[in-house]
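The values are calculated or read from the model by the stated rules, or taken from the named source; none is laboratory data. Just so it is clear, the structure is predicted and the values come from calculations on it, not from any experiment. Note that we place each Cβ from the backbone using ideal geometry, even for glycine, and neighbour counts take in every protein chain shown. Heads up: the accessible areas ignore ligands, DNA and RNA and are worked out on the full protein's heavy atoms, side chains in. Shrake-Rupley method; radii C 1.70, N 1.55, O 1.52, S 1.80 Å.
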Amino acid sequence: MKKTLLILFVVACLSGAYLAFTASGVTSKSSVMASKKNYTATMYIAGMGGHFAKADITIDPNNADDPIKVTGLDRVVIGDKTTHPTHDARVDSNDPNTLLWSTYTLDPNKKMHVGKSDLKTGNVLIDIALDPDKRAPGEKPPLYCASGQSKKYFMPVFMGAEGFIDVFDKKTLEHKHRMFVSDIGYPLGSYVFVHGINSNDMTKFIISMNQKGEDGKANGKVDFILVDLPSLEKGKWKVLKKNTLTGEPGKTITFRQFFSNDDKYIFESAGDRFWLIDAKSLKLVDEKMTVGQNHDAMPTADGKYAVLTLRTNTEGCDADGKAIPGKTITDGTLQVYDVEARKIIGKPVSVCVDCHKNIGLGDKSSVLCGLDGIWKK
């Protein structure tokens, strides 16, 4: 009898507590469910001003409207807009305090640059000025736009024509090899842009090739070529797998990408859309249209979400922060993709104009591209 009364008392208390909370409007269906974990990271986002935006971010998946917030903004400067415009950020896998990078245009002396910076101090450690290759003079951009790495080597990808992957020693940035994509069946004139990155186990390297249509523009068909990374380190090509995905001509253009930490998926930016790709078969798993042009996609450490870099349109403002009617500019923004739900969530948040408007540049377009970062435990 006492045991029965005790059970009834506990049930009554729990029921009363539930009713009390619901009556006060505190409890809802979502609040009785387990909250999803939050994520924090420091992101390094490449820009054409000769610097990287250093953005401290948080992701709260429980906030459906505004899941991503920028909690701090700073810069890592590698040069200026004439000498070091960059699209390429790559945190050294051996040292999270080292950022490897390459430049997108020739400097005034007709040189292209590959370098690395100390993220603790922001200082440039090494800056190598290179003569353009005769096969890829780079008189008009793009030059380097993407990159991968292995334990010993940094591998920036020349986006333009002729496209190639360079192999540099990470410690000294001594140039070791130059691997032209023509040697795996992509002659000059058959493609528009080239990008790529390594798998996290550093056994493979994925290359994306935008096919060229008769009008000389991207025709919406993209070849993905998986190659052997240890062979690439030695200056040799070994193709493991190929597949072609199709989007819309002139709009679906692939840029940078990431593998998930377990190397199960490839998170692929594709211009007017985002692609989630099976890393073994290279087949499409999910496709989502984006509000701006998608240029990179970096997953969280557990692979449950991804941060997309986007170029979106926004209203310009004057030096006092007041909107300029009719003035539309490009802003560099971040948005979140939910892997499990297979959807893009929330609104994009600014990492370019939100900083530039504080220094009187809110009426100028800002162009971001690639990112890399460090997820905090």
Using θ = phi - 60° and the Karplus curve 6.51 cos²θ - 1.76 cosθ + 1.60, what whole-Hz ³J(HN,Hα) does each residue of the stretch 262-269 get, with Gly and Pro shown as x? 8, 6, 7, 10, 10, 9, 10, 6
Heavy atoms only, 1.4 Å probe, whole protein assembly: order Lys170, Lys377, Lys236, Lys241 by accessible area, highest first. Lys377, Lys236, Lys241, Lys170
What are the radius of gyration and Dmax of the stretch 167-265, computed over its Cα atoms and given in Å? 14.4, 43
Convex hull volume of the Cα atoms in the stretch 32-189, per residue, in Å³? 161
At a 1.4 Å probe radius, which order do Thr98, Thr203, Thr121 fall into by accessible area, largest first? Thr121, Thr203, Thr98
Would you pull out the residues with amide H under 5 Å of Ile78's amide H, same chain only if 5 or more places away, H placed 1.01 Å from N? His51, Phe52
Of the listed links Lys343/Lys377; Lys170/Lys234; Lys37/Lys377; Lys36/Lys204; Lys204/Lys283; Lys170/Lys212, those spanning more than 23 angstrom between alpha carbons are Lys343/Lys377; Lys36/Lys204; Lys170/Lys212
Skipping prolines and chain starts, which residues have an amide H placed within reach, meaning under 5 Å, of the one on Tyr265, given they are 5 or more residues away or on another chain? Ser260, Ala279
Between Val77 and Lys217, what FRET efficiency comes out of the Förster formula 1/(1 + (r/R0)^6) with R0 = 51 Å and r the beta carbon distance, rounded to 0.05? 0.90
Between Leu284 and Trp375, with labels modelled 7 Å along Cα→Cβ, what's the label distance in nm to one decimal, could you check? 2.6
Whose amide H sits under 5 Å from the amide H of His195, counting only residues 5 or more places off or on another chain, with H placed in the peptide plane? Ser208
Using θ = phi - 60° and the Karplus relation 6.51 cos²θ - 1.76 cosθ + 1.60, list the HN-Hα couplings for the stretch 178-187 in order, rounded to whole Hz, with x at every Gly or Pro. 10, 10, 7, 6, 4, 6, 10, x, 10, x
Contour excess over end-to-end distance, with Cα ends at Asp66 and Val291 and 0.36 nm allotted per residue: 79.5 nm
